[in-house]
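Student: Take a look at this one; I'll ask things after.
Where a number appears in this text, it was derived from the coordinates with a stated rule and is not lab data. What you are looking at is a predicted structure, and each value in this text was computed from that prediction instead of being measured. All Cβ positions, even for glycine, are placed from backbone atoms using ideal geometry, and neighbour counts span all protein chains on display.
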Amino acid sequence: MPPKGFVTIPELAREHLSFDELIPDFSTRAPNLLAFLSMNGKWLSADTQELYNFTVWIAMSPAPFKEQVAAAAEKFIRDHLVNAG
């Protein structure tokens, strides 16, 4: 069972993202995720190009595949999540 107050990325996405947007506004979402991770002592260990490519892939993904995209985003974050500092 996750620690009290722990929220998974798909839960955050369901609360804050609209997957039916034509062009998602990642300019506010990616910084929010990074701020959330930082406030919780976590960070992503991925080089700039890898993170960029993944973000573009998410942005270009068709809305009918939102569940698969959310699962892929969760896996990417879990695979690259590290303790900050």
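Student: What distance in nm separates the simple spin-label points at residue 50 and residue 72, each placed 7 Å from Cα in the Cβ direction?
Tutor: 1.7 nm
Student: Roughly how many debye, to the nearest 20, is the charge dipole of region 27-83 about its Cα centre, given +1 on each Lys and Arg Cβ, -1 on each Asp and Glu Cβ, and no other charges?
Tutor: It comes to approximately 160 debye.
Student: Let me ask something else about it. Starting from the amide H of residue 81, placed 1.01 Å from N in the peptide plane, find each other amide H under 5 Å away whose residue is 5 or more places distant or on another chain.
Tutor: Result for residue 81 returns 45.
Student: When the expected Rg is taken as 2.2 N^0.38 Å, what fraction or multiple of it is the alpha-carbon Rg of region 27-83?
Tutor: Cα-based Rg divided by the globular estimate yields 1.14.
Student: In region 27-83, if the dipole is taken from +1 on Lys/Arg beta carbons and -1 on Asp/Glu beta carbons about the Cα centre, which of 72, 48, 32 is farthest to the positive end?
Tutor: 32
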